[in-house]
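Each reported figure results from applying straightforward, stated rules to the coordinates on display, with no laboratory input. Bear in mind that the values here come from a model prediction, so they are computed numbers and not experimental data. Methodologically, a virtual Cβ is constructed for each residue, glycine included, from the backbone with ideal geometry; neighbour enumeration extends over all protein chains shown.
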Amino acid sequence: MDYKDYEKISSDYFWHKARKNFINYLLSKHLNEPKQEQEKKEILEIGCGTGYQQEVIAKYGNYTGIDKNKQAIEENKKGKIINSNLEDFETEKKYNVICLFDVLEHIEKDYQALQKINHLLDSDGYLFLSIPAKKILFGEHDLAMEHYRRYEKKEIETLLEKNNFNIIEIIYWNSFLFPLIALIRILKRAYQKNNLTEQRHKSDIRKMPKIINNLLFKILNFENSLIKLGIKIPFGLSLYIVAQKKYEN
């Protein structure tokens, strides 16, 4: 989710809460929480925004966040935050872990972005990445969020492999809500294609009654539970990828 969405909703929003739980699951599965200071990994979150998942990520090491939106980082009062986009970010430091959640679709040159991320990673470093899935769904919401694209599974696999990453795990997420949301977005796109009126693009994110918000959270969190049990659905609104930098001799 993007900073524009954060302006409309609270941290109690169902997507935020369920996603935070899922990110914690992925990190805990592939990383160990450090017991001593010297065990801490160096972690970089690209596009940290207002820091909604920072608390979860920071459990696993020394956290640094970067974001190009000054207003977002002014609201983020926790930890080391740098005002920069990925393209302009320069450092001699190498990171053990880089997190990039719903950011790659905002970057025009995604190949070069992954190339730079690989360069920022230490040998055998981990990349935790999420992206919007299914090109057929690209429409009003994506335009409102200034996305350049959505991704197919094979496409992101190829992109990562060409940039010297080994894919450890790739999972569709937000699958239970996919059929309804996909239908709505496809119908909306068809209507707008035939509607010649100029209009401002609008996100699908809306405030909702507490009872509906809680129900949707339970649905997504139940999906989290199934994934933890090894049950993976072959479609969804998002793709989450865990990849590792190929070893350099």
Quick one: work out the % antiparallel among DSSP beta bridges in the chain, nearest 5. 45 percent
Can you work out the PRE-style zone for Glu146? Point 7 Å along Cα to Cβ, and I want the residues of region 63-94 with backbone N under 12 Å. 68-72, 85
Please compute P(r) over all alpha-carbon pairs of region 3-245, binned at 5 Å starting from zero, and give each bin as a whole-number percent. 1, 6, 13, 17, 20, 18, 13, 7, 3, 1, 0, 0, 0
Note: Gln244 to Ala190 extended length (0.36 nm per residue) minus current alpha-carbon separation gives 15.5 nm
Hey, got the dipole for the chain? About the Cα centre, +1 on K and R Cβ, -1 on D and E Cβ, debye to the nearest 20? 900 debye
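Once the other residues with Cβ under 11 Å from the Cβ of Phe89 are scored (Lys, Arg +1; Asp, Glu -1), what is the net sum? Intermediate values should be presented prior to the final figure.
Values: positive: Lys68, Lys93, Lys116; negative: Asp67, Glu87, Asp88, Glu90.
Summing Lys and Arg as +1 and Asp and Glu as -1 gives -1.
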Under 19 Å from the Cα of Lys94 - aspartates and glutamates, other chains or at least 8 residues apart: Glu37, Glu39, Glu42, Glu45, Asp67, Asp122, Asp124, Glu248
Once both axes come from the Cα atoms, what is the angle between helix 153-162 and the longest principal axis of the chain, in degrees from 0 to 90, rounded to 10? 30 degrees
Tilt of helix 178-194 relative to the longest C-alpha principal axis of the chain, in degrees (0 to 90, nearest 10)? 60 degrees
Other residues with Cβ under 12 Å from the Cβ of Lys40 give, with Lys and Arg +1 and Asp and Glu -1, a net charge of -1
For the chain, the longest site-free run once GluC sites (Glu not before Pro) in DSSP loop states with at most 16 other Cβ atoms within 10 Å are removed: 8-86
The helix 110-120 Cα axis meets the longest alpha-carbon principal axis of the chain at an angle in degrees, between 0 and 90 and rounded to 10, of 20 degrees
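Starting from the Cα coordinates of region 76-132, work out the convex hull volume and express it per residue in Å³. Can you show the working numbers first?
On the way: hull volume 6.0 nm³, N = 57.
Taking only Cα atoms, region 76-132 has a hull volume of 105 Å³ per residue.
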